[in-house]
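Have a look at the structure below, then the notes.
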Amino acid sequence: MKLSDLIRRIDELIAMGQEVQKTQYSEGDRFPLQYVKDAPMTGFRTACLSFIERVYEKEHTHFAQFSTKTDAHFFSDSERALAILAAIRSELKGGWLFDIKGLVAAELFSDFLDQSEHLLEQGYKDAAAVMIGSVLEEHLRQHCIRHEVQVSDIKDGKPVPRKADRLNSELARIAVYSALDSKQVTAWLGLRNDAAHGHYDYFTKEQVHNLLRGVIEFMTRVAA
């Protein structure tokens, strides 16, 4: 999903919350309490929780805060809900979501590349090549998400992930990196594909070492 799609959806949710607030009413004589109608508030809250879970996952503070701070139909619950949505919109608009996910991905990539180096040292060049290539492909996918390039196509009503070569071409087309980088990425992906398809005599251990060094340099220089 593109960043613009996320922002459009959160704007829809904010508009929904504002409509919920229009149902405001009060109960009580001496100390009246302000409410919004329960059914619209429930629908609004459910839609928001679904969105927040998909974007941030349940473990995130935003999900926890929304879950606990909007669990009734007081008018103040709707105010808190809109405040949390506004904070999320600000994060999305500022690119913070993808910056944070990029840091997490970078740590995971580092672990996988370390494992690849260990495999190489143990003589498992083929497994190392597949692992390094998979890290490279996911790095390209992260770039596509950041730059709002589609990472899948719809076929027979279902999303089908685009191949790494297609992602590479799209990123070069919008100048995320140079044509020279794109050619090198194509060569790296070719080596990964040879390893994945069992063509183990098509490349050497030294070429996999060069692949590892090259991918590390590329990912550092062209950070997602």
- Which value in deg cm²/dmol, rounded to the nearest 500, describes the helix-derived mean residue ellipticity at 222 nm for the chain, given -39,500 (n - 2.57) per DSSP H run of n ≥ 4 and division by the residue count? -24000 deg cm²/dmol
- Could you tell me what fraction of 2.2 N^0.38 Å the Cα radius of gyration of the stretch 142-205 comes to, as a two-decimal ratio? 1.31
- Debye equation applied to the C-alpha atoms of the stretch 3-93, log10 I(q)/I(0) at 0.16 Å⁻¹: -0.60
- For the chain, what log10 I(q)/I(0) values come out of the Debye formula at q = 0.08, 0.09, 0.17, 0.19 1/Å, with one point per alpha carbon and no solvent? -0.44, -0.53, -1.13, -1.29
- Query: Dimensions of the stretch 97-221 along principal axes (Cα, Å, largest first)?
  - Reply: 40, 32, 29
- Query: Which whole-number percentage describes the relative contact order of the chain, with Cα contacts under 8 Å and a sequence gap of 6 or more?
  - Reply: 18
- Task: Give the relative contact order (percent, whole number) for the stretch 97-221; include only Cα pairs under 8 Å separated by 6+ residues.
- Result: 30
- Message: Cut-off is 10 Å between beta-carbons; in what order do SER152, SER182 appear when sorted fewest neighbours first?
- Response: SER152, SER182
- Message: Quick test of the membrane-span-like rule: which DSSP H helices of the chain reach at least 20 Å along their long axis (C-alpha atoms) with mean Kyte hydropathy at least -1.0?
- Response: 3-21, 38-56, 75-93, 96-121, 125-146, 179-196, 205-221
- Among ILE154, THR186, LEU212, whose Cα lies farthest out toward the positive end of the dipole of the stretch 97-221, if unit charges sit on the beta carbon of Lys, Arg (+1) and Asp, Glu (-1)? ILE154
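Coordinate-derived values only; no laboratory data. Remember, predicted model here, so these are calculated numbers, not experimental data. Heads up, the Cβs are rebuilt from the backbone with ideal geometry, glycines too, and the neighbour counts pull from every protein chain shown.
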